[in-house]
1. Counting C-alpha atoms alone, how compact is region 60-151: give Rg to one decimal and Dmax as a whole number, in angstrom.
2. Could you tell me how far the Cα centroid of region 59-77 sits from the Cα centroid of region 80-106, in Å?
3. Kindly rank 200-207, 59-66 from highest to lowest mean number of other beta carbons found within 10 Å of each residue.
4. From the list (1) 7, 28, 38, 21, 5, 0; (2) 8, 27, 29, 21, 10, 4, 1, 0; (3) 9, 37, 38, 15, 1, can you say which value of P(r) over Cα pairs in 10 Å bins from 0, in percent was derived from the structure given?
5. Once neighbouring chains are kept in place and the probe is 1.4 Å, which whole percent of the accessible area of region 18-172 is contributed by carbon and sulfur?
6. So which lysines can Lys174 reach, going by Cα to Cα under 28 Å and dropping same-chain residues fewer than 8 places off?
7. Compute the long axis of helix 2-18 from its Cα atoms, compare it with the longest principal axis of the Cα atoms of the chain, and write down the angle in degrees, 0 to 90, nearest 10.
8. Could you pull out every one of the lysines with an alpha carbon less than 22 Å from that of Lys74, ignoring same-chain neighbours closer than 8 positions?
Amino acid sequence: MKYKCLLFLIILCSSNSFAQVEAGKTGAWYMYFFNHQFKESQFGIQGDIQYRNWNLGGDLEQLLIRTGVTYTPKNSKVLLTLGYGNITTGEFGDGNATSVESRIYQEVLMPQQLGKRIYLTHRFRYEQRFVEDQDFRTRYRYNLFLNVPFNKSALEKGALYAALYNELFVNGQKDIGDGREVEFFDRNRTYLGLGYVLKEGMRFQLGWMNQKTDTVGKAQLQLSFHHKF
């Protein structure tokens, strides 16, 4: 019963967050996530490719390509990552202007299970950002993921599940060069979706995400494929 109450409260908070989204076009993010552990090794690789649009398609918001080397300490489920990302950002509307960012990041992923059906993952990420026409920047991120299967007790083949997350972004400094400043609070993302496990190592998710900054709130449709091989 307590797990049902927890799920209800999270969905309620997410719904309140969605209601704050500014009127405008809904964006869409199409994403592929991959993860691979080398045989008889504590090392592996992970990453993602994301094609983000200001609308449902055709108006580029960002093209993000990211990958990293992972390490799992012995007798632990913690996953450590050192990675690099390349991000091309487009302007809103009819213009074709873009800017480029190179990003180095370090990440800690910590899975946790509550009871038989609630799967939590804590992700801590520290980024070093080299953004075109800006000074060197850093950013801290924390994401809490929650997956709850409906028809099975585990995230196994055939499982239909609720997928939720909330991620907070905090800038490491305000000054970004040429007299320009940003706030320490960068953004917050709240997501509610539905997932399906096609088979071991393959999951699909479809969901709705609200991204909120100090000045902008925008709704995003998200379609993702999660691949562990």
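The values are calculated or read from the model by the stated rules, or taken from the named source; none is laboratory data. All of these numbers come straight from a predicted model, not from anything done at the bench. With ideal geometry, Cβ positions are generated from the backbone for all residues, glycine too; neighbour counts draw on all protein chains shown. When the accessible area is computed, the model is the full protein with side chains, heavy atoms only, and any ligands, DNA or RNA have been set aside. Shrake-Rupley method; radii C 1.70, N 1.55, O 1.52, S 1.80 Å.
1. Considering region 60-151 through its Cα atoms, Rg and Dmax are 17.1, 53 Å.
2. So the two Cα centres are separated by 15 Å.
3. Packing order, densest peptide first, comes out as 59-66, 200-207.
4. The value computed from this structure is option (1).
5. Carbon plus sulfur share of accessible area: 59 percent.
6. Reachable lysines: Lys212, Lys218.
7. The helix 2-18 is inclined about 20 degrees to the chain.
8. Partners within reach: Lys39, Lys228.
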